[in-house]
Amino acid sequence: MSVLLTRPGAVEATGPDAGVASHYGNPTKEQRLLTEGLAVVDLSHRGVVTVTGPDRLSWLHSLTTQHLLGLAPRASAETLVLSPKGHVEHALHVVDDGETTWLTTEPGAAPAVAAWLDSMRFMLRVEVADVTEGYAVLGEPVGAGSAPGEPLAWVDPWPREVGQTFAYGPPEDQHPARGRAWRELLVPRDELEAAVGGRPLAGTWAAEALRVAAWRPRAGVDTDHRSIPHELDWLRTAVHLQKGCYRGQETVARVKNLGRPPRRIVFLHLDGSGHVLPDPGTELVPVEGGRAVGTLTSVARHAEEGPIGLGVVRYASDPEAVLLAGDVSAAQTAIVVPEKPARRERPSAPRPPVAR
């Protein structure tokens, strides 16, 4: 449990964010302070793993989806650990300080990540350690990377400016990307309160609202055991499509060449006329009726946009259909834009034989 939960007004989060504050009494105000760059979020429940040794970057490069060779000191990246069949197992935030590569993971995932990496060392000059007990993470909406003298920081590579387009769909169907200016500071756990200083604290309620509004997927929340990177639009930030072999690459290459993953992530504007919002895991059903086309994965209340969410739906489902999550209607915006099915020409009927 975080030491910052002793701050006045702190209410502990539940689910994947248990152990840190959901809010400190006013989540809407906290969200505005975050947007203005004035507040900081306690993410000390995230896991922290270190990799040291001269082979660390080339080794991680060979195991994960991102191009990590030559990663400059204090530069950061995002990479995925895939199963042999290409399913997402872990999303890792990577930053190197010139001597050590620091990986932060979703809460509770550090032991599994460290154990798997340790099992893959073989004869290489690397050492892996789970240092979650000694180091903590703070989140803040800052666009630039950390400079010498500042705490080491992972800078989110997710698009931060409108104008970038999506990985799927013809040009006429593509539309601007959303994003956020965000970074995660790595600080010694016993210096957590000092790192916050006099800045206001925001809870995960506010941080999650900004994440969902930025169309940013989260491992373990918007993914399940079947998820592949294409479905979450992770090809843009976490997968290097020209690098060499790594576990799960065959699936990445095959689905990229076909252009049609089984599912796709969507952004949802939820009807806010009621007091209760649907829970993550609620099925998404077309308002006209019929069987479910997907699942609501993230839900948040945004200070300006109101109730919003992310969902994962069948790739071929109608991108313009209004959906229902329980009794709440949800207007969708495609994040991974589905390709229009190619027109098939009808074969002409054979001509009858000419009598002679």
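Which number in (1) under 28 Å from Glu30 (Cα atoms); (2) part of a loop (DSSP other than H, G, I, E, B); (3) open to solvent by less than 10 Å² (accessible area, probe 1.4 Å) marks the one condition that Ala238 misses? So the condition that Ala238 fails would be (1).
Residue pairs whose Cβ atoms lie under 6 Å apart, sitting 6 or more positions apart in sequence or on different chains, and linking a residue in region 11-24 that is closer than 19 Å to His302 by Cα to a partner that is open to solvent by 60 Å² or more (accessible area, probe 1.4 Å) and at pLDDT 95 or above, are Ser22/Val11; Ser22/Trp205; His23/Val11; His23/Trp205. Of all the residues in region 144-181, those that are under 20 Å from the mean Cα position of the chain (by Cα) and modelled with pLDDT under 90 number 21.
Among the residues of region 203-223, the one identified as open to solvent by 20 Å² or more (accessible area, probe 1.4 Å), more than 17 Å from Val336 (Cα to Cα), not in a helix (DSSP H, G or I) and not hydrophobic (A, V, I, L, M, F, W, C) is Gly220.
Residue-wise test of (1) closer than 24 Å to His240 by Cα; (2) of a type in the set (Ser, Thr, Tyr).
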| position | (1), (2) |
| --- | --- |
| Thr64 | yes, yes |
| Leu71 | yes, no |
| Glu89 | yes, no |
| Thr101 | yes, yes |
| Gly108 | no, no |
| Phe122 | no, no |
| Val126 | yes, no |
| Val142 | no, no |
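Only residues that are outside any loop (DSSP other than H, G, I, E, B) and of a type in the set (A, V, I, L, M, F, W, C) were counted across region 278-322, and they come to 9. Of the strands (runs of 3 or more DSSP E) lying entirely inside region 1-119, those carrying at least 1 residues that are open to solvent by 10 Å² or more (accessible area, probe 1.4 Å), in contact with an Asp or Glu (Cβ under 9 Å, 6 or more places away or on another chain) and modelled with pLDDT under 95 are 76-82. Just a yes or no: is a residue in region 230-241 polar (S, T, N, Q) and in contact with a Phe, Trp or Tyr (Cβ under 8 Å, 6 or more places away or on another chain)? Checking region 230-241: at least one residue is polar (S, T, N, Q) and in contact with a Phe, Trp or Tyr (Cβ under 8 Å, 6 or more places away or on another chain).
On inspection, Glu133 fails the criterion of being under 24 Å from Glu30 (Cα atoms) and either at pLDDT 80 or above or outside any helix (DSSP H, G or I) (or both).
The values are calculated or read from the model by the stated rules, or taken from the named source; none is laboratory data. Just so it is clear, the structure is predicted and the values come from calculations on it, not from any experiment. For neighbour counting, all protein chains shown are included, and Cβ atoms are generated from backbone atoms with ideal geometry for every residue, glycine included. Note: areas computed on protein heavy atoms with side chains; ligands, DNA, RNA excluded. Shrake-Rupley method; radii C 1.70, N 1.55, O 1.52, S 1.80 Å.
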